[in-house]
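The values are calculated or read from the model by the stated rules, or taken from the named source; none is laboratory data. Source: prediction; values computed, not measured. Quick reminder, even Gly has a Cβ in these numbers, built from the backbone with ideal geometry, and neighbours come from all protein chains shown.
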Amino acid sequence: MSESAMLTPEAKAILVQDPVLAEIIRNTPPLQSRKSTDLYFRLLSAIVSQQLSTKVAATIFRRFTELFPENYPHPDQVLALSDETLRGAGLSFQKLGYIRNVAQFAAAGNLTHDTIDAMPDEDLIKHLTQIKGVGRWTVEMLLMFALERPDVLPLDDLGIQNAIKRHYNLEETGKALKARMVEIAENWRPFRTIACKYLWQSLDNMPK
């Protein structure tokens, strides 16, 4: 998907009504699509990446996928591996448990395209955060990047908080900041995801 397809004329017409966003859109590179239909795979990657640098996470995830035929960790194959084998790829005991949780969830048929595609954003967040080890922020990132749902606002993301504070000259913190973020972002509906991606990019802080 090209940038022009992501920033549709309708989305641009709404977002540039905000003069701050209009300037950011003019002065930052086009957005690049990272859409994926394989939410299971992206969930596994997200688990591995938690609290690690991008480089270290990529190395561990590569080692993890190399444990499987064709480098793809099918749920039944993940569940069949021993702790020792998974630890050998660089996974902590906690993360290998979380990865098994995702695999069990997928094996039970809870990550099919039909199931995922039919769910509104909030329902999908509730659905996926049933998995121990998967929190709201992780699901919001998947909604925004893997699924490219157009209207997600990740209030707990520090990058978005910092970008909005900087560009809108805000001094608030905590709950007061989040309330102002919701207020500002009302003008971006139904394209808050795209607005947030431009804000991340404006600080060169796009999630990986």
**Asked** Lys12 passes all but one of (1) out of contact with any Phe, Trp or Tyr (no Cβ under 6 Å at 6 or more places or on another chain); (2) surrounded by 16 or more Cβ atoms within 10 Å (Cβ to Cβ); (3) in contact (Cβ under 8 Å) with a residue 24 or more places away in the chain; which number fails?
**Response** (3)
**Message:** I'd like to know if the stretch 186-193 contains one or more residues that are in the same structural domain as Val48 (by TED's automatic domain parsing) and of a type in the set (Ser, Thr, Tyr).
**Reply:** no
**Request:** Test Ala22 against the stated conditions and say whether it is in a helix (DSSP H, G or I), of a type in the set (A, V, I, L, M, F, W, C), free of Cβ contacts under 8 Å to residues at least 24 places away in the same chain and loosely packed, with under 12 Cβ neighbours inside 10 Å.
**Result:** no
**Message:** Looking for something free of Cβ contacts under 8 Å to residues at least 40 places away in the same chain and surrounded by fewer than 16 Cβ atoms within 10 Å (Cβ to Cβ) - is there at least one such residue anywhere in the stretch 194-204?
**Reply:** yes
**Message:** Taking the condition of being assigned to a loop (DSSP other than H, G, I, E, B) and more than 23 Å from the chain's Cα centre (by Cα), how many residues in the stretch 74-100 meet it?
**Reply:** 3
**Prompt:** Of the residues Ala106, Ala163, Ala118, which is small (Gly, Ala, Ser), touching a residue at least 40 places away in the same chain (Cβ under 8 Å), outside the structural domain of Glu186 (by TED's automatic domain parsing) and at negative phi?
**Reply:** Ala106
**Prompt:** If Tyr40 passes every condition in (1) in a helix (DSSP H, G or I); (2) over 30 Å from Gln94 (Cα atoms) but one, which one does it miss?
**Reply:** (2)
**Number of the exception - Leu153 against (1) closer than 26 Å to Tyr40 by Cβ; (2) free of Cβ contacts under 8 Å to residues at least 40 places away in the same chain** = (2)
**Request:** Search the stretch 101-142 for residues being charged (D, E, K, R) and either in a helix (DSSP H, G or I) or touching an Asp or Glu at 6+ places or on another chain (Cβ under 6 Å) (or both), and hand back the single one that is surrounded by the most Cβ atoms within 10 Å (Cβ to Cβ).
**Result:** Glu140
**Single residue of the stretch 50-65 satisfying the filter (touching a residue at least 12 places away in the same chain (Cβ under 8 Å) and either more than 12 Å from Gly90 (Cβ to Cβ) or among the acidic types (Asp, Glu) (or both)) that is surrounded by the fewest Cβ atoms within 10 Å (Cβ to Cβ)** = Thr54
